[in-house]
Amino acid sequence: MIVLAGTIGAGKTSLTDLISKKYNSTAYYESVEDNPILPLFYEDPNKYGFLLQIYFMNWRMEQIKAAQKNKLDVIDRSIYEDSLMFQMNADLGRATQTEVDIHKSLLDNMMETLVGVPAKDPDLLIHIKVSLDTMLSRISKRGRDYEQDPSLYDYYKTLNDRYVEFYENYDRGPKLQIDGDVYDFVDSSDAAQRVMEMIDNKLKEIGIA
């Protein structure tokens with residue numbers, strides 16, 4: 001399976017659409033509009049941070065199990081990004097380190113590779129890298145009320161910086177980085193074609209296309 005990674009507004013949903021259409025595979029999307037915890041988290045992150053991460057972990061595990069059944073199914077967010085975001089929330093005082101450690105231990109146990117059981121790690125992780133300006137522009141454009149608070153600027157800046165570290169340190173399998181500022185595949189068909197060529201070449205390189 002293919003899994004995407006990237007900060008808020010990076011274009012994960014758009015690229016998920018492109019990949020699933022090209023390979024005639026199934027796309028799995030992050031639960032946002034029907035997520036009952038997310039608005040509560042933005043109102044009181046200290047209270048709902050841990051619950052939100054458990055909700056996401058359960059949701060993503062269901063997606064991973066479903067995506068294992070078919071070749072080149074694509075998931076629009078990596079389960080490992082949740083640990084990144086939860087650690088950042090702890091560093092900002094929105095969660096405790098104990099909660100983060102429990103979440104990480106649970107994730108490690110759930111993702112453990114077992115003999116005779118299909119691996120849960122992706123065959124390819126694709127990271128969409130965007131600048132802070134691009135990130136903020138797309139957050140504003142999609143207009144979700146709970147994402148528009150100006151006080152979230154520092155949160156978004158820190159989040160974007162940490163995604164750079166996330167990609168550099170990711171070692172669970174093959175990976176590919178797409179520069180979303182250079183290749184604006186969201187609004188440019190030419191850029192979208194070029195990005196899909198890059199992905200196709202990478203899949204052929206690792207022997208799954």
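Read the figures in this text as sums done on the coordinates, not as results from a lab. Only a predicted model underlies this, so the values are computations on that prediction, with no experimental measurement involved. Cβ coordinates were reconstructed from backbone atoms using ideal geometry, including for glycine residues, and neighbour counts include every protein chain displayed.
Once every DSSP H run of n ≥ 4 in the chain is given -39500 (n - 2.57) and the sum is divided by its residues, what mean residue ellipticity at 222 nm do you get, rounded to the nearest 500 deg cm²/dmol?
-17500 deg cm²/dmol
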Taking R0 as 30 Å and r as the Cβ-Cβ distance between S189 and R144, the FRET efficiency 1/(1 + (r/R0)^6), rounded to the nearest 0.05, comes to 0.70
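Net charge within 11 Å of Q97 by Cβ-Cβ distance, Lys/Arg positive one each and Asp/Glu negative one each, not counting Q97 itself?
Result for the local shell: -2.
Per the Cauchy relation, a quarter of the hull surface: what is the mean projected area of the convex hull of the alpha carbons in the chain, in nm²? Intermediate values should be presented prior to the final figure.
Numbers: hull surface 45.3 nm².
Directional mean of the projected Cα hull area for the chain stands at 11.3 nm².
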If neighbour count is taken as other Cβ atoms inside 10 Å, put S140, S83 in order from fewest to most. S140, S83
Kyte-Doolittle mean at least -0.5 and Cα extent at least 18 Å along the axis: which DSSP H helices of the chain qualify? 45-67, 97-111
How big is the dipole moment of region 2-205 about its Cα centre under a simple scheme where the beta carbon of each Lys and Arg is +1, that of each Asp and Glu is -1, and everything else is neutral? Debye, nearest 20, please. 540 debye
Pairs K69/K141; K47/K69; K69/K175; K71/K175; K120/K157; K69/K204: which are spaced more than 27 Å apart, C-alpha to C-alpha? K69/K141; K47/K69; K120/K157
Defining a contact as two alpha carbons under 8 Å apart and six or more residues distant in sequence, what relative contact order in percent does region 2-205 show? 29 percent
Taking alpha-carbon centroids only, region 30-106 lies from region 136-209 a number of Å equal to 18 Å
In the neighborhood of I208, defined by Cβ-to-Cβ distances under 10 Å, what is the net charge if each Lys or Arg adds +1 and each Asp or Glu adds -1? +1
